[in-house]
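Worksheet: one structure, shown below.
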Amino acid sequence: MLQLLLLSLVFASDGEPSATPAVEAESPTEEAAPALQGATNYTLDSAASSLYVIIRNDTTTMMSQLGHDHVIAATASSGTISWDPSGVSPCEVSISVPTSGLHGDPPGYREKAGLDNNTISASKMKDMESNMNGKKQLLSSQFPDIVYTAKSCSGVKGSISVEGAMSIRGVSKSFTIPMNIEVTPETFRAKGSV
């Protein structure tokens, strides 16, 4: 049972603010996305970022005594954000996580997530990751990436809500992530959980 998605993301600026053109509508009935005038484009620094989920053992199930809580960390994510420092909205966020870069209980993550320091053997970890990527869960062979996109932010500078959708296994679900942000011309830092 997925309990919590935690993010601590660091983006590095791609350079000077640019006048980004409006995104054209794909059909005559769709509206074009607003232009991000004066937006700065940032690229995700995967090495400086943390993105992980806590998977809680569902103690109400018959086999629960055989399981325990895990941290699944994304170790190879990529992404971009376009942010206009003069206002909160609109914003554009795109983050992609290859399922091959998801790892269970990597060193330091159980402690970071506030879980016990119990570790499992390498063979059990391999089995867990194989199950996670298999046909009953992520089906990584057909859906190699988990993708999050957002085109709307609201709130005040420093504390915003990012409204977007995450696609896992070809199914997209919309949700809002409350984020605390720090923005400079060189970096965009965001922390939050849902």
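When segment 34-55 is limited to residues that are part of a loop (DSSP other than H, G, I, E, B) and open to solvent by less than 70 Å² (accessible area, probe 1.4 Å), the one that is modelled with the lowest pLDDT turns out to be ALA35. Per the conditions (1) out of contact with any Pro (no Cβ under 9 Å at 6 or more places or on another chain); (2) at pLDDT 90 or above; (3) not basic (Lys, Arg), the sole criterion not satisfied by VAL162 is (1). The residues in segment 71-102 that are modelled with pLDDT of 85 or more and either touching a helix residue (DSSP H, G or I) at 6+ places or on another chain (Cβ under 7 Å) or hydrophobic (A, V, I, L, M, F, W, C) (or both) can be counted, and the count is 16. Taking the listed residues GLY164, GLY155, the one that is part of a strand (DSSP E or B) and on the phi > 0 side of the Ramachandran plot is GLY155, with no other qualifying. Filtering segment 147-191 to residues that are β-branched (Val, Ile, Thr), closer than 19 Å to THR43 by Cα and surrounded by fewer than 15 Cβ atoms within 10 Å (Cβ to Cβ) leaves THR184, THR187. Cβ-Cβ contacts under 6 Å between residues 6 or more apart (or on different chains), taken from a first residue in segment 98-124 that is free of Cβ contacts under 8 Å to residues at least 60 places away in the same chain to a second residue that is in a loop (DSSP other than H, G, I, E, B) and of a type in the set (Val, Ile, Thr), are listed as GLY101/THR75; HIS103/THR75.
The values are calculated or read from the model by the stated rules, or taken from the named source; none is laboratory data. Note that the coordinates shown come from a computational prediction; the quantities given were computed from them, not determined experimentally. In this analysis, Cβ positions are derived from the backbone assuming ideal geometry, glycine residues included, and neighbour counts consider all displayed protein chains. Quick note on the areas: whole protein, heavy atoms, side chains included, nothing else; ligands and nucleic acids left out. Shrake-Rupley method; radii C 1.70, N 1.55, O 1.52, S 1.80 Å.
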